[in-house]
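The values are calculated or read from the model by the stated rules, or taken from the named source; none is laboratory data. Computed from a predicted structure; not experimentally measured. Note: ideal-geometry Cβ built from the backbone for every residue, glycine included; neighbour counts use all protein chains shown.
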Amino acid sequence: MNGVLRLAFAAAILACGPARAWAAAPEHSVMAAVRELDALLVRKDAVGLARLLVEDFVGAIPTGEWFGRDAYVAYHCRPNEGLTSIEIAPGTTPIVRVLDDRFAVVNRRVSVTRRTPDGREQAFAVQRIEVLSRDGGRWHIVSGQGTAAGPLPPR
C-alpha cells in the first residue's frame, strides 16, 4: 500500500505540474509585482503605477531625491525622457524575503537605460530595494530606493 500511495502522490504532483508549485510560492508573486513595477515605469503608465504603489508610497532615485507616490509617478511619466529599460543585471539574482506572508523586501541589482532631456541614452547600474505589502491577496509597493552602483565586486 505504501508504494501505491507514493505512486498516487507522484501522479498528483505530475498532474498539477511544477509550474503551479512555482507560481504558488510567495517569492514568485512578489517578483511578479516587482517586474510589473519595472514594466509600468518603462511604459510610463501613470494609472498602473498609481494602482501598484500604496497611497503613502515613498520612492528615492539614484540622485538621492525622494518623492511621495503622486510626485514619483509624475517624475517617471515625463514625456520624452526617463527610463527606457530595466533588467536584472547579468550575473545577479534578486534576494526576496517574505515576512509573515504579508510583507516582502527585494534587494536586486538592475541595468537601467534612461533617455536624458536632450534625447541621449544613458546606461548605468542601480542597486534597488523594494518593500511590498500584501493587501487582498495582491502585492503592492510600499517603498523603493535606487542607488547608483559601480561594477560588481569579484566573488
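Taking the stretch 116-138 as the range and being assigned to a loop (DSSP other than H, G, I, E, B) and in contact with a strand residue (DSSP E or B) (Cβ under 7 Å, 6 or more places away or on another chain) as the test, only Thr116 passes.
Report yes if some residue within the stretch 132-139 is of a type outside the set (A, V, I, L, M, F, W, C), surrounded by 15 or more Cβ atoms within 10 Å (Cβ to Cβ), at pLDDT 95 or above and at negative phi; otherwise report no. Yes: the stretch 132-139 contains one or more residues that are of a type outside the set (A, V, I, L, M, F, W, C), surrounded by 15 or more Cβ atoms within 10 Å (Cβ to Cβ), at pLDDT 95 or above and at negative phi. Within the stretch 100-129, can you find the residues that are surrounded by fewer than 12 Cβ atoms within 10 Å (Cβ to Cβ) and of a type in the set (A, V, I, L, M)? Across the stretch 100-129, the qualifying residue is only Ala123.
Only one entry in Val110, Val126, Val142, Val131 is within 19 Å of Ala39 (Cα to Cα) and free of Cβ contacts under 8 Å to residues at least 60 places away in the same chain, namely Val131. Taking the stretch 89-115 as the range and being of a type in the set (D, E, K, R) and assigned to a strand (DSSP E or B) as the test, the residues that pass are Arg97, Arg108, Arg109, Arg114, Arg115.
The residues of the stretch 1-58 that are at pLDDT 50 or above, surrounded by fewer than 12 Cβ atoms within 10 Å (Cβ to Cβ) and among the β-branched types (Val, Ile, Thr) amount to a single one, Val47. Taking the condition in contact (Cβ under 8 Å) with a residue 60 or more places away in the chain, over 15 Å from Arg35 (Cβ atoms) and of a type in the set (D, E, K, R), does Asp101 pass? It is true that Asp101 is in contact (Cβ under 8 Å) with a residue 60 or more places away in the chain, over 15 Å from Arg35 (Cβ atoms) and of a type in the set (D, E, K, R).
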